[in-house]
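Worksheet: the structure to be examined is printed underneath.
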Amino acid sequence: MSPLLRQKLPDFPWDALAPYGEIARKHPDGAIDLSVGTPVDPTPEFIQEALRDASDSPGYPVTIGTQELRNAIHQWAVNTVGASGDFAVLPLIGSKEFVAWLPTFLESATVLYPQVAYPTYLVGALLAQAKPTSVAIDATTWPAADLAWVNSPSNPTGRVHSESELRAAIDWARKRKSIVVSDECYLEFGDTKTPTSILRYTDGDNTNILAVFSLSKRSSMAGYRAAFVVGDPQLIARILEVRKHAGMMVSLPVQNAMVAALSDSSHVAEQRARYNARRARLAPALISAGFTIDHSEAGLYIWATRNESSWDSIAWLAALGILATPGIFYGDAGKQHIRIAMTATDEQIATAAARIVAKVSAQ
């Protein structure tokens, strides 16, 4: 009998949330979905215009990206991220596909990922037939592995890595001759802390270091599927070869829109202010209901707990017509937390806060 072609993937977590969505939708004033972090604020008009201007695109785009896009990413990486030394860049069809397929591209046999983490790190290891191991943030405690994921600001917790923590990850990579990939998709969304990139601390030697960035939340471009990776030129060359064979090309109109988005920071500041204002509006209501907010110092989520099963907290909110995400989706270490997304309108956030406060007052 032939062996299984792949390790069994976990059940798709969002299916388990569906019954609570039905409860929330029965609320007489409607449901407020703060679970899936999908942006609701409009894509800035100048980005839409750039997409439209390139809509006559009959030919195949190049996988490596246009020279204009590569220049825009490079300049952004230097100016915003603090990248230095020799590094390469590569556009991606959103960051999720890259996270899911990177261990396969690199033929990784062992993959480390955070104990509370975006589920696709584990899925990517399983797709690659690699051995996945969840680890603490402190890289000095990590075992040997081919590849390790870092995530700052964290999804779901909003935790920001310190310089010493990022340097420890770099040191682990250099001592082990292993690869560290830092998922920094929310890098520009600091709140009480300002996140910094792992690329700022390589001291110009980017060997075995990659950082992944996304425009989905930064520029409200989730529907465009626009992201990119920056780092070790040799690693990116290996990844590029696979992507060329597999036809993983970012569409030319999207590449054009990415250039526009990366050339402007004012819209990012406006979006960051929106998310931070929504967090400031909702957090006190949650605290009044007995929740403790942990981390949540950057990004676009609130990570909260009442020291009960995450499903009990989800049920309590669903009865108020509010849908959040159970922390168990992000690993056993999150089983008593919930993740609440700020990806709802200002009005919806205000309504959610009012419903929670009214419930507490009525008790």
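So which of Asn307, Asn276 ends up being over 18 Å from the mean Cα position of the chain (by Cα) and not aliphatic (A, V, I, L, M)? Please lay out each step first, then the result.
Details: Asn276 fails: over 18 Å from the mean Cα position of the chain (by Cα).
Step by step, each of Asn307, Asn276 is checked, and only Asn307 is over 18 Å from the mean Cα position of the chain (by Cα) and not aliphatic (A, V, I, L, M).
Give the residue that is farthest from Leu69 (Cα to Cα), with candidates limited to residues of region 32-50 that are of a type in the set (A, V, I, L, M, F, W, C) and buried (at least 20 other Cβ atoms within 10 Å of the Cβ).
Within region 32-50, the first condition is being of a type in the set (A, V, I, L, M, F, W, C), and the residues that meet it are 32, 34, 36, 40, 46-47, 50.
Now drop any that are not buried (at least 20 other Cβ atoms within 10 Å of the Cβ), which leaves 32, 34, 47, 50.
Values: Ile32: 37, Leu34: 33, Ile47: 14, Ala50: 13 Å.
Filtering region 32-50 for residues that are of a type in the set (A, V, I, L, M, F, W, C) and buried (at least 20 other Cβ atoms within 10 Å of the Cβ), the one farthest from Leu69 (Cα to Cα) comes out as Ile32.
Could you check region 285-298 and list, in sequence order, the residues that are touching a residue at least 40 places away in the same chain (Cβ under 8 Å) and outside any loop (DSSP other than H, G, I, E, B)?
Ala285, Leu286, Ser288, Asp294, Ala298
Given the criteria modelled with pLDDT of 95 or more and in contact with a Leu (Cβ under 6 Å, 6 or more places away or on another chain), does Phe87 qualify? Let's see the steps before the verdict.
Values: modelled with pLDDT of 95 or more: yes; in contact with a Leu (Cβ under 6 Å, 6 or more places away or on another chain): no.
No: the conditions fail for Phe87.
Would you check which residues across region 328-348 are touching a Pro at 6+ places or on another chain (Cβ under 9 Å) and part of a loop (DSSP other than H, G, I, E, B) and list them?
Gly331, Lys335, Thr343
Conditions (1) touching an Asp or Glu at 6+ places or on another chain (Cβ under 9 Å); (2) touching a residue at least 24 places away in the same chain (Cβ under 8 Å); (3) closer than 18 Å to Asp33 by Cα, marked per residue:
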{"residue": "Ser266", "(1), (2), (3)": "no, no, no"}
{"residue": "Tyr275", "(1), (2), (3)": "yes, yes, yes"}
{"residue": "Ala283", "(1), (2), (3)": "no, no, yes"}
{"residue": "Leu300", "(1), (2), (3)": "no, yes, yes"}
{"residue": "Trp311", "(1), (2), (3)": "no, no, yes"}
{"residue": "Ile314", "(1), (2), (3)": "no, yes, yes"}
{"residue": "Ala319", "(1), (2), (3)": "no, yes, yes"}
{"residue": "Ile322", "(1), (2), (3)": "yes, yes, yes"}
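For region 86-121: of the residues being aliphatic (A, V, I, L, M) and over 20 Å from His161 (Cβ atoms), which is farthest from the chain's Cα centre (by Cα)? First the steps, then the outcome.
Filtering region 86-121 down to residues aliphatic (A, V, I, L, M) leaves 88-90, 92-93, 99-100, 102, 106, 109, 111-112, 116-117.
Remaining after also requiring over 20 Å from His161 (Cβ atoms): 88-90, 92-93, 100, 106, 109.
Working: Ala88: 21, Val89: 19, Leu90: 18, Leu92: 14, Ile93: 14, Ala100: 12, Leu106: 21, Ala109: 24 Å.
Residue satisfying both the conditions and the ranking: Ala109.
Results for (1) of a type outside the set (Ser, Thr, Tyr); (2) over 26 Å from Ala246 (Cα atoms); (3) at pLDDT below 95; (4) assigned by TED's automatic domain parsing to the domain that holds Leu187, shown as yes or no for each residue.
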residue: Ser95; (1), (2), (3), (4): no, no, no, yes
residue: Trp101; (1), (2), (3), (4): yes, no, no, yes
residue: Leu122; (1), (2), (3), (4): yes, no, no, yes
residue: Pro132; (1), (2), (3), (4): yes, no, no, yes
residue: Ala136; (1), (2), (3), (4): yes, yes, no, yes
residue: Ala148; (1), (2), (3), (4): yes, no, no, yes
residue: Asn151; (1), (2), (3), (4): yes, yes, no, yes
residue: Gly158; (1), (2), (3), (4): yes, yes, no, yes
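The values are calculated or read from the model by the stated rules, or taken from the named source; none is laboratory data. Computed from a prediction, not measured in an experiment: that's the story for all the values here. Here the Cβ is made from the backbone with ideal geometry for all residues, glycine too, and neighbour counts use every protein chain on show.
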